[in-house]
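Structure first, then comments.
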Amino acid sequence: MQMTLYSYFRSSCSWRVRAALSLKGLDYEIEAVNLIKDGGQQLSEDYKKINLMAQVPALKVDDTVITQSLSIMEYLEEICPEPSLLPKTALERAKVREICLIIGSGIQPLQNLSVLQYIAKNEGNEKKLEWAKHVIEKGFEALEKLLVSCSGKYCFGDSITFADCFLVPQIYNAKSFLEFFTNGWILLNSRWQLWFNVRCLKI
């Protein structure tokens, strides 16, 4: 089985998958897709044949392509169940996925590159920054409260899960738009330093 990950190094969605691949010790090749260069290499007709949404990441497994970071990570969990990146019980797994989807559906897509470029073009750079800050703060307020009930050493309990793979890149991204460490998110702040020191979670 040969795996190729189409990825951009600063893409938080790609980062999630790279972290999962690294944590599981899986071999793969990187095919870089620069979201800035040449007007965005993801918009090329050749790349659209790989990912119809013109986004990263995309994982090619032999002749089959999987897109969307959570779908890719679920696939990796199934083919390589150890070390597991999901808790043991169905309820615990649901809570981990809840964290992932708050980030993957409620924060990142609303302030990703294409959305911010559109706002900047039509409303100006100031409005772009206001929107990104609003979206991130709303999501982080929810996550901070959620972590009170489920976090341990890591995002969910004392083992690294999908939730950490999602949260670390999102915090890194958020620091571009707001003074993250002065916003009173005690749990997010304390775990950020620990998570970012995990080699597999680094950019």
Inset, instruction - Within the stretch 102-114, track down each residue that is out of contact with any Gly (no Cβ under 9 Å at 6 or more places or on another chain) and either exposed (fewer than 15 other Cβ atoms within 10 Å of the Cβ) or among the aliphatic types (A, V, I, L, M) (or both). - result: Ser105, Pro109
Legend entry - Output for the stretch 85-111, where each listed residue is within 17 Å of Ser14 (Cβ to Cβ), in contact (Cβ under 8 Å) with a residue 24 or more places away in the chain and either assigned to a helix (DSSP H, G or I) or not β-branched (Val, Ile, Thr) (or both): Leu85, Cys100, Ile103, Gly104, Gln108, Gln111
Inset, instruction - Kindly indicate whether Ile99 is surrounded by 19 or more Cβ atoms within 10 Å (Cβ to Cβ), modelled with pLDDT of 95 or more, assigned by TED's automatic domain parsing to the domain that holds Glu130 and closer than 25 Å to Glu141 by Cβ. - result: yes
Inset, instruction - Determine which single condition Ile72 fails, assuming it passes every other condition in (1) under 22 Å from Pro109 (Cβ atoms); (2) surrounded by fewer than 19 Cβ atoms within 10 Å (Cβ to Cβ). - result: (2)
Legend entry - Within the stretch 112-152, tally of residues that are closer than 18 Å to Pro169 by Cα, at pLDDT below 90 and either of a type in the set (Gly, Ala, Ser) or not in a helix (DSSP H, G or I) (or both): 4
Inset, instruction - Hey, can you tell me all the residues within the stretch 141-169 that are within 14 Å of the chain's Cα centre (by Cα) and farther than 13 Å from Val96 by Cα? - result: Val168, Pro169
Inset, instruction - Looking at (1) under 29 Å from Ser176 (Cα atoms); (2) of a type in the set (Phe, Trp, Tyr); (3) at pLDDT 95 or above, find the lone condition where Phe9 falls short. - result: (3)
Legend entry - Residues of the stretch 44-83 classified as over 17 Å from Trp15 (Cβ atoms) and of a type in the set (A, V, I, L, M), total: 7
Inset, instruction - Of the conditions (1) touching a residue at least 24 places away in the same chain (Cβ under 8 Å); (2) among the hydrophobic types (A, V, I, L, M, F, W, C); (3) within 19 Å of Gln108 (Cβ to Cβ), Met53 clears all except one; give me its number. - result: (1)
Inset, instruction - Identify, by number, the condition in (1) surrounded by fewer than 18 Cβ atoms within 10 Å (Cβ to Cβ); (2) touching a Lys or Arg at 6+ places or on another chain (Cβ under 8 Å); (3) at pLDDT below 95 that Leu35 doesn't meet. - result: (1)
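The values are calculated or read from the model by the stated rules, or taken from the named source; none is laboratory data. Computed from a prediction, not measured in an experiment: that's the story for all the values here. Neighbour counts are summed over all protein chains in view; Cβ atoms, including those assigned to glycine, are modelled from backbone coordinates with ideal geometry.
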